[in-house]
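**Student:** I have a structure I would like to understand better, so I am pasting it below and will then ask my questions one at a time.
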Amino acid sequence: KFDDSFWWQAEKFHRQVMKKYHGSKSIFNDERIKLQQSLIDGEKNLISQMAAITEMDQFSLSALEEHKKVIINWQENISHVKPSIKWYQFMYKNYYRKFNKVVGLDI
């Protein structure tokens, strides 16, 4: 069932984006690319320095916290976007309607 866990928040964001992909992607995509590259660069740096496990753990925790923040921000930023009107949108909506109902997710 839907709860406040990070997994469900990310899943909710994903489903919201899929409902209005064309209008949503441009709102967060540049920031997403920068964040991903930053995390990849940070990971490469830790590996090349043969960082201690504790440093890698801290990096992972920081990355997760940053991801949580941007998901919340991105959800707010796409909230005003209207759903796409495409044939696949109809199929997507019908496909996920039953799953959203089962888990108690109202989007």
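Only the coordinates and a few stated rules stand behind these numbers; no lab work does. Note that the structure is predicted; figures quoted are calculated from it, not measured. Cβ coordinates were reconstructed from backbone atoms using ideal geometry, including for glycine residues, and neighbour counts include every protein chain displayed.
**Student:** With charges set only on the Cβ (+1 for Lys and Arg, -1 for Asp and Glu), what does the dipole of the chain come to about its Cα centre, in debye to the nearest 20?
**Tutor:** Numbers: 17 positive and 13 negative charges, 210 e Å.
Rounded to the nearest 20 debye, it is 1000 debye.
**Student:** Additional query: Would you list the membrane-span-like helices of the chain, meaning whole DSSP H runs whose alpha-carbon atoms span at least 27 Å along their axis and whose mean Kyte-Doolittle value is at least -0.5? Spell out each step's value before the answer.
**Tutor:** On the way: long enough: 21-48 (39 Å, -0.73); 53-78 (37 Å, -0.36).
Qualifying helices: 53-78.
**Student:** Below 14 Å, Cα to Cα, which aspartates and glutamates can K12 reach? Residues fewer than 8 away in the same chain don't count.
**Tutor:** D3, D4, E76, D106
**Student:** If only Cα atoms are counted, what is the Rg of the range 28-68, and what is its Dmax, in Å?
**Tutor:** Using the Cα atoms of the range 28-68, the pair Rg, Dmax is 11.0, 33 Å.
**Student:** Which of the listed residues, W8, T54, Y96, is farthest toward the dipole's positive end in the range 6-103, when Lys, Arg count +1 and Asp, Glu count -1 at the beta-carbon?
**Tutor:** Among W8, T54, Y96, the one farthest towards the positive end of the dipole of the range 6-103 is Y96.
**Student:** Something else now. Just to be sure I understand: if I project the alpha-carbon convex hull of the range 6-103 onto a plane and average over all orientations, what area do I get in nm²? The partial results should precede the final answer.
**Tutor:** Values: hull surface 30.0 nm².
About 7.5 nm², averaged over all directions.
**Student:** For the chain, what does the relative contact order come out to in percent, with C-alpha contacts under 8 Å and a separation of six or more?
**Tutor:** Numbers: 51 pairs, mean separation 58.5, N = 107.
About 55 percent, as a whole number.
**Student:** What value, in deg cm²/dmol to 500, does the helix sum -39500 (n - 2.57) over DSSP H runs of n ≥ 4 give at 222 nm once divided by the residues of the chain? Could you put the intermediate results ahead of the total?
**Tutor:** Details: 4 runs with 85 residues, N = 107.
Computed ellipticity for the chain at 222 nm equals -27500 deg cm²/dmol.
**Student:** Hey, fewest Cβ within 10 Å first, where do W8, W74 land in order? Kindly include the intermediate steps, with their values, before the conclusion.
**Tutor:** On the way: W8 15, W74 19.
By the 10 Å Cβ count, ascending: W8, W74.
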